[in-house]
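Notes follow once the structure below has been shown.
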Amino acid sequence: MQRKIDGQSLQIIFNSGDIRIYANSPAKVSKVFREYTQALPHIVKELQELNYRRNYLSLKYLHLQGEVYSDHLPTDQDNFNYTVGVIKDHNSYERQLKEGLTKFVIYDIPSYGDLPYKDRYELMQRLFEDNNFKYISLAPILGINENGSWEEYFNQMMEQGHEGVVLYSPEGVYKYSENSNGRNASMWKMKVHSNSDREVMVTEIIEGTGKYEGSVGALKCIDGRGCEFKVGSFAISDEEKQWIYDNVTVPFLIEMKFMEVTSESYRHPIMTRLRLDKSIDDWNKNDE
């Protein structure tokens, strides 16, 4: 059992002395993976130490999977919004130096994906052996699930304001997926899910009036049923709305809460989360 980190899922590719960091999902049209190496030089610097360790362990190839995240803001939601926004900023590293450096947690090693997870985790432990990093870490094992004991850890994570836990089968091999929302029978994500939450696609940003002129006034959206509607209420700050207006290009995904589903729309939809960590290809249209 591991704590579920709420951030941006990324891949790290080691090629001799060169290290590259890419998003899990390719762009919808180009199919080119977006690179974030330049946005994370402080993380790359520490990854170089892992590269030295890789040579010591005689690992010919190294491909790591993990999550870039932040932990300096009051809530997980604040940290998530900051992370997915700042790493896409054209001046990402400069902004991080002023507002807070991101971190990276590693939870899998796809280059040795044929090994059972218990062996892959042991290999990752050997990579991290005798190193004391500030910005990168190995996802810690919270415990072994016996007789449903994951529920205790899950409740602890919820009480601490975290998203949930992830359970790995010790014998499970790595599963490659064409998108970042693939299913893996050897891994289970346990998190709070409300029936009044939904993931929808934004097709138009509508400018506000008065106080919100030059910022987001409303979002024109479409759900998995093909239903078009507007979201005009937000559980995000005015600063975040301004950032969306200035930096985000449609289409993109958001999460929203609502009071009730109607035949043609939703009662009182409220945007709760920007999902720039997911491409349109990964849209969970059946989240209903």
If we ask which residues in the range 273-288 are polar (S, T, N, Q) and either in a strand (DSSP E or B) or surrounded by 17 or more Cβ atoms within 10 Å (Cβ to Cβ) (or both), their number turns out to be 1
Boolean, I141 is modelled with pLDDT of 75 or more, of a type in the set (A, V, I, L, M), under 16 Å from R120 (Cβ atoms) and assigned by TED's automatic domain parsing to the domain that holds R120: yes
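Looking at E255, E228, E204, E260, can you tell me which residue is outside the structural domain of G148 (by TED's automatic domain parsing), charged (D, E, K, R) and either closer than 30 Å to P116 by Cβ or at pLDDT below 85 (or both)?
Working: E255 fails: either closer than 30 Å to P116 by Cβ or at pLDDT below 85 (or both); E228 fails: either closer than 30 Å to P116 by Cβ or at pLDDT below 85 (or both); E204 fails: either closer than 30 Å to P116 by Cβ or at pLDDT below 85 (or both).
Only one candidate qualifies: E260.
Yes/no matrix, rows are residues, columns are (1) closer than 12 Å to E199 by Cβ; (2) loosely packed, with under 12 Cβ neighbours inside 10 Å:
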site: G217; (1), (2): no, no
site: D223; (1), (2): yes, no
site: D238; (1), (2): no, no
site: W243; (1), (2): no, no
site: V248; (1), (2): no, no
site: F252; (1), (2): yes, no
site: E260; (1), (2): no, yes
site: S265; (1), (2): no, no
site: M271; (1), (2): yes, no
May I ask you to list the residues in the range 56-82 that are under 12 Å from the mean Cα position of the chain (by Cα) and farther than 16 Å from I106 by Cα? D76, Q77, N79, F80, N81, Y82
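Would you confirm, using the coordinates I've provided, whether L219 is under 30 Å from Y153 (Cβ atoms), modelled with pLDDT of 90 or more and not hydroxyl-bearing (S, T, Y)?
Values: under 30 Å from Y153 (Cβ atoms): no; modelled with pLDDT of 90 or more: yes; not hydroxyl-bearing (S, T, Y): yes.
No.
Which of the residues spanning the range 142-167 are part of a helix (DSSP H, G or I) and free of Cβ contacts under 8 Å to residues at least 12 places away in the same chain?
Kept after step one, since they are part of a helix (DSSP H, G or I), are these residues of the range 142-167: 150-159.
Passing the criteria: E151, E152, N155, Q156, E159.
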Within the range 263-276, residues at pLDDT 85 or above and more than 15 Å from I236 (Cβ to Cβ) come out as Y266
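For E255, state whether it is acidic (D, E) and free of Cβ contacts under 8 Å to residues at least 24 places away in the same chain. Write out each step before concluding.
Values: acidic (D, E): yes; free of Cβ contacts under 8 Å to residues at least 24 places away in the same chain: no.
So E255 fails the test.
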Among the numbered criteria (1) surrounded by 18 or more Cβ atoms within 10 Å (Cβ to Cβ); (2) over 18 Å from the mean Cα position of the chain (by Cα); (3) under 24 Å from K278 (Cα atoms); (4) of a type outside the set (F, W, Y), which one does K4 miss? (2)
Residues satisfying the stated conditions in the range 83-123, i.e. part of a helix (DSSP H, G or I), among the aliphatic types (A, V, I, L, M) and over 22 Å from S70 (Cβ atoms): L123
For the range 14-26, state whether one or more residues are over 30 Å from D130 (Cβ atoms), touching a residue at least 12 places away in the same chain (Cβ under 8 Å), not assigned by TED's automatic domain parsing to the domain that holds D246 and not polar (S, T, N, Q). yes
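Restricting to the range 125-141, name every residue that is in a helix (DSSP H, G or I) and in contact (Cβ under 8 Å) with a residue 24 or more places away in the chain.
Of the residues in the range 125-141, the ones in a helix (DSSP H, G or I) are 125-128.
Once the filter is applied, which keeps residues that are in a helix (DSSP H, G or I) and in contact (Cβ under 8 Å) with a residue 24 or more places away in the chain, the range 125-141 yields R126, L127, F128.
Can you confirm whether the range 78-89 contains a residue that is aromatic (F, W, Y), in contact (Cβ under 8 Å) with a residue 24 or more places away in the chain and surrounded by fewer than 19 Cβ atoms within 10 Å (Cβ to Cβ)? Let's see the steps before the verdict.
First, the residues of the range 78-89 that are aromatic (F, W, Y): 80, 82.
Remaining after also requiring in contact (Cβ under 8 Å) with a residue 24 or more places away in the chain: 80.
Now narrow it down to the ones that are surrounded by fewer than 19 Cβ atoms within 10 Å (Cβ to Cβ): none.
No; the residues of the range 78-89 include none that is aromatic (F, W, Y), in contact (Cβ under 8 Å) with a residue 24 or more places away in the chain and surrounded by fewer than 19 Cβ atoms within 10 Å (Cβ to Cβ).
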Is at least one residue of the range 39-51 more than 19 Å from K134 (Cβ to Cβ), crowded, with 17+ Cβ neighbours inside 10 Å and either hydrophobic (A, V, I, L, M, F, W, C) or touching a residue at least 60 places away in the same chain (Cβ under 8 Å) (or both)? no
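The values are calculated or read from the model by the stated rules, or taken from the named source; none is laboratory data. Small disclaimer: the values here were computed from a predicted structure and weren't measured. Cβ coordinates were reconstructed from backbone atoms using ideal geometry, including for glycine residues, and neighbour counts include every protein chain displayed.
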